[in-house]
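Structure, as structure tokens:
The values are calculated or read from the model by the stated rules, or taken from the named source; none is laboratory data. Quick caveat: nothing in here was measured; it's all calculated off a predicted structure. Cβ coordinates were reconstructed from backbone atoms using ideal geometry, including for glycine residues, and neighbour counts include every protein chain displayed. What goes into the accessible areas is simple: the full protein's heavy atoms, side chains included, and nothing from ligands, DNA or RNA. Shrake-Rupley method; radii C 1.70, N 1.55, O 1.52, S 1.80 Å.
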Amino acid sequence: MLKALITGVTGQDGSYLAEFLLEKGYQVFGLRRRTSTPNYENVAGIKEKIHWLSGDLTDLASLIEAVRVADPDEVYNLGAQSYVAASWPQPYATGMMTAMAVTNMLEAVRIVKPTARFYQASSSEMFGKVAEIPQSEKTPFYPRSPYGVAKVYGHWITVNYRESFNMHACSGILFNHESPRRGLEFVTRKVTDGVARIKLGLQKQLSMGNLEALRDWGYAGDYVQAMWLMLQQETPDDYVIATGEMHSVRELLTTAFSYVGLSYEDHVYIDSELVRPAEVELLVGDSSKAREKLGWQPKVGFEELIHRMVDADLRRVEAEMRSQIVMVN
Ligand code: F7E
């Protein structure tokens, strides 16, 4: 039986990947760090099937122990401080968790199980102030946030371990990918949750930042399959994963509000605090290498994705309202 170790397993991508690997018959090990209020919401359906290991990405000894116990064939490094806006007020912590932690994880693998295949969650944020449209594996990086800078480090240290130690290490340059499991602070989920609350009468207004930003939004469930495909190749390499379609935050608002018969202009106001110190204006990926070499392609389009997220948030908020009524009575 193949064994996989996932960091960030309770996050959006980690949970979809764990489900995908369990279905393929893998034994899945999940690294969890100690917190006073653990959150297993995303892995609720598979919590008992995951072998939990305690560790912290900033603590090499704990990672060495985790790799020793799991003895994995594949390691997926998805854990990080992943919210771009939080990386300005916490640049050092972001550097530790998003950049240096990659070295820690690579070191743990190199020391304990150098034959294990390694996946690094790299990001389209590395392209930042884009040098060309669309962005491919050959596009130079120009990060625009402490988060983007940290991800560039993570990418290059992964490439370096591949070239220095001949490790099977891959970097997946994933463009934005969303789902009902996306954290509420990210723009798609913030909007779909806001739409549900406004539709159900719990809220009237929604604060937003830059509505003109353009992103290439795909479905997280499609994207985790690309991670796995990268590690099944004989030769390790780096791949852009994207839909190739670009939409603005304004279009996201129109799509989500109109789906429930509302108009975003009646509810959205701009809060200048939400406008970032340096913005990534436009991202759109060219994933032709992944499509040709991995046979990967996205299945869920933009509209369907946003509609699914609105539906899921309507269901969740309605259920929360019902349980509150039950509690009051
Ligand atoms: O912002 C604009 C914001 O926070 C998207 C992470 O997974 O994808 C994600 O990074 C855009 C930006 O994602 C609001 O200024 C407007 O232009 O959903 P986001 P992100 O920063 O693109 C990449 C690939 C990653 O690697 C990251 O880990 O939307 N925007 N108004 C807003 N964004 C937020 N969050 N909230 C707003 O109110």
- [ ] Just give me the residues in region 47-64 being buried (at least 18 other Cβ atoms within 10 Å of the Cβ) and under 22 Å from the mean Cα position of the chain (by Cα), in sequence order.
- [x] ILE50, LEU53, GLY55, ASP56, LEU57, LEU63
Open item on the list: Going by what's in this entry, would ALA99 be described as within 14 Å of the ligand (Cβ to nearest atom), surrounded by fewer than 24 Cβ atoms within 10 Å (Cβ to Cβ) and part of a helix (DSSP H, G or I)?
Closed with: yes
- [ ] Look at PHE165 and say whether it is more than 16 Å from the ligand (Cβ to nearest atom), open to solvent by 50 Å² or more (accessible area, probe 1.4 Å) and touching a helix residue (DSSP H, G or I) at 6+ places or on another chain (Cβ under 6 Å).
- [x] yes
TODO: May I ask you to verify whether SER62 is in a helix (DSSP H, G or I), among the hydroxyl-bearing types (Ser, Thr, Tyr), more than 24 Å from LEU229 (Cβ to Cβ) and free of Cβ contacts under 8 Å to residues at least 12 places away in the same chain?
DONE: yes
Task: Qualifying position, being touching a helix residue (DSSP H, G or I) at 6+ places or on another chain (Cβ under 7 Å), open to solvent by 10 Å² or more (accessible area, probe 1.4 Å) and not acidic (Asp, Glu), among PRO91, PRO134 - done: PRO91
Open item on the list: Looking at the structure I just gave you, is LEU78 in the same structural domain as THR103 (by TED's automatic domain parsing) and within 16 Å of the ligand (Cβ to nearest atom)?
Closed with: yes
- [ ] Among the candidates GLN233, GLN203, single out the residue that is among the polar types (S, T, N, Q), open to solvent by 30 Å² or more (accessible area, probe 1.4 Å) and either in contact with a Gly (Cβ under 8 Å, 6 or more places away or on another chain) or closer than 18 Å to ILE270 by Cα (or both).
- [x] GLN203
- [ ] Please enumerate the residues belonging to region 144-161 that are surrounded by fewer than 21 Cβ atoms within 10 Å (Cβ to Cβ) and either assigned to a loop (DSSP other than H, G, I, E, B) or touching a residue at least 60 places away in the same chain (Cβ under 8 Å) (or both).
- [x] ARG144, VAL159
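With the condition kept exactly as written, say whether any residue in region 165-182 is in a helix (DSSP H, G or I) and over 26 Å from GLU41 (Cβ atoms).
So in region 165-182, the residues in a helix (DSSP H, G or I) come out as 165.
Applying the additional criterion that residues be over 26 Å from GLU41 (Cβ atoms) yields 165.
For region 165-182, residues in a helix (DSSP H, G or I) and over 26 Å from GLU41 (Cβ atoms): present.
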Task: region 260-271 residues that are under 10 Å from VAL195 (Cβ atoms), paired with ones that are at pLDDT 95 or above and among the aromatic types (Phe, Trp, Tyr) (beta carbon under 6 Å, 6 or more apart) - done: TYR264/PHE257
- [ ] Test LEU174 against the stated conditions and say whether it is near the ligand (Cβ under 10 Å from one of its atoms) and surrounded by fewer than 21 Cβ atoms within 10 Å (Cβ to Cβ).
- [x] no
- [ ] Check PRO140 against each of (1) within 15 Å of the ligand (Cβ to nearest atom); (2) open to solvent by 50 Å² or more (accessible area, probe 1.4 Å) and name the one condition it does not meet.
- [x] (1)
Task: Flag for TYR264 being in contact with a helix residue (DSSP H, G or I) (Cβ under 6 Å, 6 or more places away or on another chain) and not assigned by TED's automatic domain parsing to the domain that holds GLN120 - done: yes
Task: Cross-chain or 6+ apart pairs with Cβ under 8 Å, region 184-208 first and assigned to a loop (DSSP other than H, G, I, E, B), then away from the ligand (no atom under 15 Å from the Cβ) - done: LEU200/LEU314; LEU200/VAL317; LEU200/GLU318; LEU200/MET321; LEU202/VAL317; LEU202/MET321
